[in-house]
């Protein structure tokens, strides 16, 4: 893509929102991982995921970069971040640059959960793990919402993505992992999400909440195991 862009005189902008902190030797994202960071004109990302705060950024060495300050509406009409947020983000980024062990552990968590959910009979968004977020594809909104509610009652929070954020009639359960999840907690996530004997989504499948109760006993027996995984929601859980 970069070779074609350079040949045609086009500029390249890379969104590293989901890859920053997780992919690349120093956590700088896909461009670093592919060895093309110096060939990218603009890099954008967010502080609300791996950095653990709020706000976003665009960085560039391009000679026309300054024009964005005049024409980029999100920048022009956004108030400056509080100094405390900027200081927190800067400290977090410095730590991420030297967090190779945490990145390796997070990759391992992602691979284990992806493999476990696949073997349990779930349809996932990707054939191979590609990030710290594992998307489980549900057949429709009704079944997706039922699954989400059942997991929440188990003490396990995942994000429910539905139309219009997803294609019509498609619902996703987005499981966000973080480097602080232990191997035991990842196993607990798989246990809380384990598929019943009949494939989930078939016309004769039992309600998910009932299947979970039948599969592992009473809710009281499981609450202690799952409760530690509940709390932080959304992409913030990837931190």
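One table, with the values for the structure above:
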{"item": "Pairwise FRET efficiency - residue 69 versus residue 126, Cβ, R0 = 35 Å, nearest 0.05", "result": "0.45"}
{"item": "Relative contact order %, the range 2-97, counting alpha carbon pairs below 8 Å whose residues are six or more apart", "result": "24"}
{"item": "Packing rank of 24-37, 90-103, where each peptide gets the mean count of other beta carbons within 10 Å, highest leading", "result": "24-37, 90-103"}
{"item": "Ordering of 164-175, 48-59 by packing [mean C-beta count within 10 Å, highest first]", "result": "48-59, 164-175"}
{"item": "The range 100-149-the range 1-71 distance, computed between alpha-carbon centres (Å)", "result": "26"}
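Read-outs: derived from the displayed coordinates by stated rules, not from any lab. Remember, it's a predicted structure, so these values are computed and weren't measured experimentally. Cβ: placed from backbone, ideal geometry, glycine included. Neighbour counts: every protein chain shown.
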